[in-house]
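Below is one structure, written out as structure tokens, with a few remarks after it.
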Amino acid sequence: MMRYDADGDGNLGLQEVYGIVEDHLKDKNNIGALRKVIAGLTCFVVILALSNLGTSIASAILLKDMAADTTTSELKLLNSDVMGTQSSAETFEAAEMDVDTRRARRELVVESLTANPFGEHAHRRLAKNGDKCKGKQCDSDIAFDVNVMKQEDVMKIKSKCDLGRVVNLRRYFPGGSADTSNLCKTGTEIVIKEKKTEPRKMKGKGKSKNRIRFEMNVLNEGKSTSFDCDGAKCFISGTNLLQQHGQPCNIQHGSDDCEADLVCIQDVDEPTSGKCLSSWHSATWYVNWEDHKCVQDCDGGPNCGGHASNWHEKFS
């Protein structure tokens, strides 16, 4: 009370009593405000606890109806509906064939096609052109083998593709460039055609073991990848592996790495590698008005001036 005795006479005057009452009212108001804050925080804690309880109950109910498939990395309901998928692409590398193997495979393909010109063959891209073919299969371009893989790796690819996994195929070209193509994913169609097995003698035992030989065709978004397996290795070809304009290629393969109407031309920046470019032999001509000369609508050739724009007048 001494702090309220302003004049120090030991008595509290009217003004000093008024100060005591005023401070008391202020403290009372502060206590009321604190009570409101405490009540609000208590309500918030209760709501948060109820929310956590509801989330836990909902999670428990969902977990009872779900199961994790470790093979496909999918969360599935008990009725087999997929709730979610977590997967990462797996990449397999295809090796380059040596010169002798490549030549032998090419001769084998040509010999097979010559023996049966219009028959079903893994290396022929067949097409039906309606009335032009009158319902028959029309002969088209030949897709020669471009790479090789171990058959055990191809079997792994088949297993993963059957499960709907994302599988890529990576190839390397001279000069250090690489290209990765998507081989399969969910919805990819795979066709297996078995071949006659050939006995293979085991060293030192005199017994034989059958070699599993087959052809596998993987159809993904309209593009195919064919594997011709002989029991130990699988030789790869198909439209999925054909390089587009400006993509790398191996000049030792001729134009086997490139799409139709493209040729593998030596890269001016990297002499050991090539690029798939338009053939300048059949390219049309146009006038390059900046240089005031006639050039061809192509890249890489001696008369090529790059691709013509739509405003250029072309001459054949």
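For the pair C294 and E270, a Förster radius of 30 Å applied to the C-beta separation gives a FRET efficiency near 0.55, rounded to the nearest 0.05.
Let a ≥ b ≥ c be the square roots of the eigenvalues of the Cα gyration tensor of region 238-282; is it rounded (a/c under 1.5), or, if not, prolate (a/b larger than b/c) or oblate? Oblate, because a/c is 1.5 or more while a/b does not exceed b/c. Cross-link pairs exceeding 19 Å between alpha carbons, from the set K64/K185; K156/K223; K158/K193; K156/K196; K150/K185: K64/K185; K156/K223; K156/K196; K150/K185. Under 5 Å from the amide H of L183 lie the amide H atoms of V167, N168, L169, each residue being 5 or more positions distant or on a separate chain, with H modelled from the backbone and absent for Pro and chain starts.
Residues whose amide H falls under 5 Å from that of D267, counting only those 5 or more places apart or on a different chain, are S273, G274, K275, with hydrogens built in the peptide plane.
Throughout, read-outs are computed from the coordinates displayed, never taken from laboratory work. What you are looking at is a predicted structure, and each value in this text was computed from that prediction instead of being measured. Using ideal geometry, Cβ is built from the backbone for each residue, glycine included, and neighbour counts are taken over all protein chains shown.
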